[in-house]
Amino acid sequence: MAKISVKTLQEMKIRGIKIAAATAHDASIALLLDKNGIEVILVGDSLGMVVQGHDSTLPVKMEHMIYHTCCVAKTNKNALVIADMPFGSYTSNANAIENAVLLIQSGANMIKLEGGRELQEIVKQLKLLGIPVCIHLGLLPQSINTMGGYYVQGRTEEAAKKISEDAEILVNAGAQLAVLECIPESLASDMSKLLKIPTIGIGSGKFTDGQILVTYDLLGLSNNNYKFCKSYADLIPSEAIKSYVKEVKEISFPSKDHILA
Ligand code: KIV
């Protein structure tokens, strides 16, 4: 497999080839994912929960993201590496640029930001500087205190319209990939048709251009038992990842058992 780039993901969308993505925070998991067909590795700020043991992603700091991105980049060869910008690291154009540069210098190929149209200027600036941006819409774990809990987003017509419009604004600003977390399957499907960039879903049904799961959850190593997730814990790790990749490509994961709304 050749090194995956944003251009490869764009071509996969056009050709209808599903993108298989998963999280990694260390060199061993990155190697496991890369060797078994994962095309996108996310150094997610979920590390605050699955690695650091917090009950949210909010305590994750830039120094943690830099450290874990470096660990992942050491062994990964082919997957595109996305690093999450942690809570509080993109409150202005200036700190967003400074922190995104640090993550790219640590080995990320793209950075991810949670939020809507308020990020328009930041996305534009990063794109101009040659930093590819993945947007994250729907359930925003970094906004847990304003959202009031980990709930499905975009259930009303008004909320769905806002998420969809936010995505279009950010795509026009230069975003090149979108993570859609916990939104209704029909909304994720409409957005995947509407947007010209690839969409990667988690808890958002099977009609996105790809799927992402937290690797600790899919290997059965976490205490989480989310309805949208499938545990492959009965398999040895390399077979578990291969099965997940195969099921994403065949669209047999997510099945109706994993649909939230
Ligand atoms: O931090 C993370 O792992 C994520 C995924 C849940 C998409 O953002």
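The values are calculated or read from the model by the stated rules, or taken from the named source; none is laboratory data. The shown structure was predicted, so the numbers you read here are calculated from the model rather than taken from an experiment. For neighbour counting, all protein chains shown are included, and Cβ atoms are generated from backbone atoms with ideal geometry for every residue, glycine included. These accessible areas exclude ligands, DNA and RNA; they are computed on the full protein's heavy atoms, side chains included. Shrake-Rupley method; radii C 1.70, N 1.55, O 1.52, S 1.80 Å.
Key figures for this structure:
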read-out	value
Looking only at the stretch 196-226, and only at residues there that are farther than 20 Å from residue 47 by Cα and out of contact with any strand residue (DSSP E or B) (no Cβ under 7 Å at 6 or more places or on another chain), the one that is surrounded by the fewest Cβ atoms within 10 Å (Cβ to Cβ)	196
Residue that is nearest to the ligand (Cβ to nearest atom) [pool: residues in the stretch 98-119 that are more than 30 Å from residue 160 (Cβ to Cβ) and outside any helix (DSSP H, G or I)]	108
Tabulated pairs, the stretch 82-100, first over 26 Å from residue 22 (Cβ atoms) and in contact (Cβ under 8 Å) with a residue 40 or more places away in the chain, second assigned to a strand (DSSP E or B) and open to solvent by 20 Å² or more (accessible area, probe 1.4 Å), C-beta under 9 angstrom, 6+ apart or interchain	none
Matching residues in the stretch 201-236 - criterion: being touching a residue at least 60 places away in the same chain (Cβ under 8 Å), within 12 Å of the ligand (Cβ to nearest atom) and under 21 Å from residue 189 (Cα atoms)	203, 204, 210, 211, 212, 213
Single match in 247, 157, 165 (criterion: away from the ligand (no atom under 16 Å from the Cβ), farther than 22 Å from residue 110 by Cα and open to solvent by less than 50 Å² (accessible area, probe 1.4 Å))	247
Qualifying positions in the stretch 5-44 - in a helix (DSSP H, G or I), in contact with a helix residue (DSSP H, G or I) (Cβ under 8 Å, 6 or more places away or on another chain) and touching a residue at least 60 places away in the same chain (Cβ under 8 Å)	29, 32, 33, 35
Scope the stretch 95-113; condition open to solvent by less than 20 Å² (accessible area, probe 1.4 Å) and under 23 Å from residue 192 (Cα atoms); matching residues	110, 111, 112, 113
